[in-house]
Each structure stands twice: as structure tokens, then as C-alpha cells.
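S.K.: Can you keep this structure in mind? I'll have questions shortly.
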Amino acid sequence: MGYVLSAHAETIIREREIAPEWLDAAMNVPDLLLPHESDPTLYHAFKLIPAFGDRVLRVIYNASRKMGSDTIFVL
């Protein structure tokens, strides 16, 4: 699955040293996927990352802004 990162997402990923494979795992096989409470176009994907001290990565994405059939926007 491809995705486009917002400027905010790029900054957070760099600052928090989030590995690209962790983001891929959260997007492709989340442990939990929830709709946003007030915006029906947004989803929260959660993934446990054992390599990062068993912390949970939360990725918020907009599935409605697809550029192609397998591209999503990570906010």
C-alpha cells in the first residue's frame, strides 16, 4: 500500500525516529483500526512495536483522499 505523508507527519516521523517499516506495519496490518470520532474520512490505525519497547504507534490517515487505488494520505 502506498501513502503520501503530510508535512506534519514527515516532521513527527523524523523527530520521533519512527522507522518506515513500523509505519508500513501499522498501515498494512494494524492491531486495531478505529474510525475518527467526528470525521468519517479519518481512521486511527494502532500497531504494537516490540522493537520500540512495546510502545503503540498510532497512525491517523485519510482514506477518502486517494490518488490511486492503493494510495492514502497519512496526517
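The values are calculated or read from the model by the stated rules, or taken from the named source; none is laboratory data. Everything numeric here is computed off the predicted structure, so don't read it as measured data. Here the Cβ positions follow ideal geometry from the backbone for every residue, glycine too, while neighbour counts run over all protein chains shown.
S.K.: Do you know which of the residues in region 13-43 that are part of a loop (DSSP other than H, G, I, E, B) and small (G, A, S) is nearest to the chain's Cα centre (by Cα)? Step through it out loud before you land on a result.
M.R.: First, pick out the residues of region 13-43 that are part of a loop (DSSP other than H, G, I, E, B): 16-19, 29-31, 36-41.
Add one more test, that the residue is small (G, A, S), and what stays is 19, 38.
Values: A19: 12, S38: 18 Å.
This residue is A19.
S.K.: Quick check, is D31 out of contact with any strand residue (DSSP E or B) (no Cβ under 7 Å at 6 or more places or on another chain) and either at pLDDT 85 or above or of a type in the set (K, R) (or both)? Spell out how you get there, then give the answer.
M.R.: Numbers: out of contact with any strand residue (DSSP E or B) (no Cβ under 7 Å at 6 or more places or on another chain): no; either at pLDDT 85 or above or of a type in the set (K, R) (or both): yes.
So D31 does not fit the description; no.
For every residue, the table says whether it meets (1) surrounded by 10 or more Cβ atoms within 10 Å (Cβ to Cβ); (2) under 13 Å from A63 (Cα atoms); (3) among the hydroxyl-bearing types (S, T, Y).
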position	(1), (2), (3)
V4	yes, yes, no
E21	yes, no, no
D24	yes, no, no
M27	yes, yes, no
L32	yes, no, no
S38	no, no, yes
A45	yes, yes, no
F52	yes, no, no
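S.K.: Right, here's the next one. Do we find a residue being in contact with a helix residue (DSSP H, G or I) (Cβ under 6 Å, 6 or more places away or on another chain) and either surrounded by 13 or more Cβ atoms within 10 Å (Cβ to Cβ) or within 12 Å of I60 (Cβ to Cβ) (or both) anywhere in region 7-14? Give the steps one after another, and end with the answer.
M.R.: Residues of region 7-14 that are in contact with a helix residue (DSSP H, G or I) (Cβ under 6 Å, 6 or more places away or on another chain), as a first pass: none.
Among the residues of region 7-14, not one is in contact with a helix residue (DSSP H, G or I) (Cβ under 6 Å, 6 or more places away or on another chain) and either surrounded by 13 or more Cβ atoms within 10 Å (Cβ to Cβ) or within 12 Å of I60 (Cβ to Cβ) (or both), which makes the answer no.
S.K.: Could you list, in sequence order, all residues of region 37-51 that are under 19 Å from A9 (Cα atoms), modelled with pLDDT of 90 or more and not small (G, A, S)?
M.R.: Taking region 37-51 as the starting set, the residues that turn out to be under 19 Å from A9 (Cα atoms) are 39, 41-49.
With the extra rule that they be modelled with pLDDT of 90 or more, the set shrinks to 44-49.
Selection gives H44, F46, K47, L48, I49.
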